[in-house]
Amino acid sequence: MKATLAEASRVPSAKAIEDIVMSVPVTDIHTHLYDPAFKELLLWGIDDLLVYHYLVAEAFRYLDLPYDKFWSLSKTGQADLIWDALFLQHSPVSEACRGVLTALHALGLDVRKRDLPALRRWFASQTLDGHITRCMELAGVRKVFMTNSPFDDLECPVWERGFRRDDRFAAALRIDPLLLSWPEAVSRLARWGYKVQGGVPSRKTLDEVRRFLADWTQRMNARYVMVSLPAEFAFPAKTVTTQLMEKAVLPHCRDHGLPFALMLGVKRATNPQLKLAGDGVGASNLAVLQNLCAGFPENKFLTTVLARENQHELCVLARKFRNLHPFGCWWFTNVPLLIDEITRLRLELLGLSFTPQHSDARVLDQIVYKWQHSRRLIARALADKYSALAQTGWQASRAEIERDVKDLFGGAFTRFCRS
Ligand code: RAT
Ligand code: ZN
């Protein structure tokens, strides 16, 4: 028998579901933000918002000055050009532009005036500590995962000196150079006292790489190990990358009970003149992921894929392998059209056993817009699902919905990491 309208209406309304989703505390599982102890590495404020590499790429669609000229300008000079091109000369309809306005508006600033100097004055009068608290509150974020690389010359000395941790910021050990630039990684590791040699890694070298990973995992208290891989990455294969992965990284993760996070499908330096803004996307062969999940059942894989074409296969793989946890709408997929599509696809194929979003924020204020925009879309997708269930007579209670939402915004991730 079909449920009556009255019965269906006992399910919390779409508005009530939206309220639950808009207010649930979030664990932001991948960002490029830093613990405030890293001082100027934690970016914030209007100029950093404007020179975000997503906006740099968009501004060059309109700018005609040479790339070098742009890069030789100060941060303020670059921000002035971007503001003019993307906000004044054209309407800021792209997701990255709209995001700046959402963040400013949520911070209580009047965007109608288009007054960049006034915005700068406002940010100059804020303290970093106060601003962190304010942004985290506005975004409803309770924990931020950083991206921490021992190979980063600015970041590394701070870890080596040691500092008092801010427990709102958790570490993730990022190892792209180790797996993707082996000759340079060898010189670094050797300089740090690890007895490694270039070429195909020997037993001794692999042991030393594991010692390096263990040292840094401990130093950072890293909660997972992470790499981004190009679209053409293959596994298995007879390459140094796969050897290191199989014989050092995966055993390390198993020993320490840590997930290995794979970000698949980036094409680095598609246009090197754009620097950080110059990376692109390619469809990955997800046989790689199947081979890893099946070949290493004792390992846990957090995975996000950059290509829209890979999203469906990622879900299907996650149905086959419980050691695979899909997460986030990464980078070029972090736009409303695709967040909506990908989230609905995941709900329909995986239920609630995934993490729909991470912010990837590089500038503190961005957490405010990235979470506000994503929460709305996720809320709508969920409301449609609970309403479809209500048509069968199944009424999800408020407590059940709250439980489900907590899972999506950090609970399922935490459980996966602990499992
Ligand atoms: O989204 C981004 O900001 C990209 O530049 C990348 O940092 C990407 O998220 C990554 O972690 O490699
Ligand atoms: Zn990232």
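The values are calculated or read from the model by the stated rules, or taken from the named source; none is laboratory data. Every value quoted in this text rests on a predicted model; they were computed, and no experiment measured them. Cβ: placed from backbone, ideal geometry, glycine included. Neighbour counts: every protein chain shown. Accessible surface areas use protein heavy atoms only, side chains included; no ligands, DNA or RNA. Shrake-Rupley method; radii C 1.70, N 1.55, O 1.52, S 1.80 Å.
Determine, yes or no, whether Leu213 is within 25 Å of Val288 (Cβ to Cβ), more than 16 Å from ligand 2 (Cβ to nearest atom) and in contact (Cβ under 8 Å) with a residue 24 or more places away in the chain. Yes, satisfied.
On the stretch given as the stretch 328-341, residues that are outside any helix (DSSP H, G or I) and surrounded by 22 or more Cβ atoms within 10 Å (Cβ to Cβ) total 4. Applying the condition of being surrounded by 17 or more Cβ atoms within 10 Å (Cβ to Cβ) and under 28 Å from Arg211 (Cβ atoms) to the stretch 257-284 and asking which residue is farthest from ligand 1 (Cβ to nearest atom) yields Leu258. For the stretch 126-135, a residue qualifies if it is open to solvent by 10 Å² or more (accessible area, probe 1.4 Å) and either of a type in the set (Lys, Arg) or not in a loop (DSSP other than H, G, I, E, B) (or both), and the qualifying residues are Leu128, Asp129, Gly130, Thr133, Arg134.
Condition test on Phe296, is it modelled with pLDDT of 95 or more and surrounded by 19 or more Cβ atoms within 10 Å (Cβ to Cβ)?
Values: modelled with pLDDT of 95 or more: yes; surrounded by 19 or more Cβ atoms within 10 Å (Cβ to Cβ): no.
For Phe296, the condition - modelled with pLDDT of 95 or more and surrounded by 19 or more Cβ atoms within 10 Å (Cβ to Cβ) - is not met.
Only one of the listed residues (Arg344, Arg362, Arg319) is under 12 Å from the mean Cα position of the chain (by Cα) and open to solvent by 10 Å² or more (accessible area, probe 1.4 Å). That residue is Arg362.
Scanning the stretch 365-398 for residues that are open to solvent by 10 Å² or more (accessible area, probe 1.4 Å) and of a type in the set (Val, Ile, Thr) yields a count of 1.
Of Ser202, Ser187, Ser181, Ser228, all but one fail to be hydroxyl-bearing (Ser, Thr, Tyr), within 16 Å of ligand 1 (Cβ to nearest atom) and surrounded by fewer than 18 Cβ atoms within 10 Å (Cβ to Cβ); the exception is Ser181.
Taken over the stretch 267-278, the criterion of being of a type in the set (S, T, N, Q) and either in a helix (DSSP H, G or I) or under 18 Å from Ala185 (Cβ atoms) (or both) is satisfied by Gln273 alone. Cβ separations smaller than 6 Å between residues 6+ apart or across chains give the following pairs from the stretch 140-159 residues that are within 16 Å of ligand 2 (Cβ to nearest atom) to residues that are of a type in the set (Phe, Trp, Tyr): Val144/Phe169; Met146/Tyr34; Met146/Phe169. Condition check for Glu155 on (1) of a type in the set (Asp, Glu); (2) open to solvent by less than 10 Å² (accessible area, probe 1.4 Å); (3) closer than 20 Å to Thr303 by Cα: one failure, at (3).
Anything in the stretch 123-158 that is away from ligand 1 (no atom under 15 Å from the Cβ) and in contact with a Pro (Cβ under 8 Å, 6 or more places away or on another chain)? List them, or say none.
Matches in the stretch 123-158: Leu128, Asp129, Ile132, Gly140, Val141, Arg142, Cys156.
Out of (1) within 22 Å of Pro236 (Cα to Cα); (2) open to solvent by 20 Å² or more (accessible area, probe 1.4 Å); (3) of a type in the set (Phe, Trp, Tyr), the odd one out for Phe301 is which? Every listed condition holds for Phe301 apart from (2). Restricting the first member to the stretch 24-40 and to residues that are open to solvent by 10 Å² or more (accessible area, probe 1.4 Å), and the second to residues that are assigned to a helix (DSSP H, G or I) and within 16 Å of ligand 1 (Cβ to nearest atom), the beta-carbon pairs closer than 8 Å and six or more apart or on different chains are Tyr34/Leu41.
For the stretch 374-397, which residues satisfy the criterion of being within 31 Å of the chain's Cα centre (by Cα) and among the β-branched types (Val, Ile, Thr)? Ile378, the sole residue that qualifies. I'd like to know if the stretch 70-84 contains one or more residues that are within 22 Å of Trp331 (Cα to Cα) and in contact with a Lys or Arg (Cβ under 8 Å, 6 or more places away or on another chain). Looking through the stretch 70-84, none of the residues is within 22 Å of Trp331 (Cα to Cα) and in contact with a Lys or Arg (Cβ under 8 Å, 6 or more places away or on another chain). Mind checking which residues of the stretch 66-79 are touching a residue at least 24 places away in the same chain (Cβ under 8 Å) and open to solvent by less than 70 Å² (accessible area, probe 1.4 Å)? Matches in the stretch 66-79: Tyr67, Trp71, Thr76, Gln78, Ala79.
Taking the criterion of being at pLDDT 95 or above, loosely packed, with under 14 Cβ neighbours inside 10 Å, more than 16 Å from ligand 1 (Cβ to nearest atom) and under 19 Å from Thr217 (Cβ atoms), would at least one residue in the stretch 167-177 satisfy it? Yes, the stretch 167-177 contains a residue that is at pLDDT 95 or above, loosely packed, with under 14 Cβ neighbours inside 10 Å, more than 16 Å from ligand 1 (Cβ to nearest atom) and under 19 Å from Thr217 (Cβ atoms).
What's the total number of residues in the stretch 332-341 that are free of Cβ contacts under 8 Å to residues at least 60 places away in the same chain and under 16 Å from Ile29 (Cβ atoms)?
Qualifying residue count, the stretch 332-341: 2.
Of the residues making up the stretch 87-98, at least one is in a loop (DSSP other than H, G, I, E, B), farther than 30 Å from Ser387 by Cα, within 16 Å of ligand 1 (Cβ to nearest atom) and modelled with pLDDT of 95 or more.
Please tell me if Val21 is touching a Pro at 6+ places or on another chain (Cβ under 8 Å) and crowded, with 20+ Cβ neighbours inside 10 Å.
no
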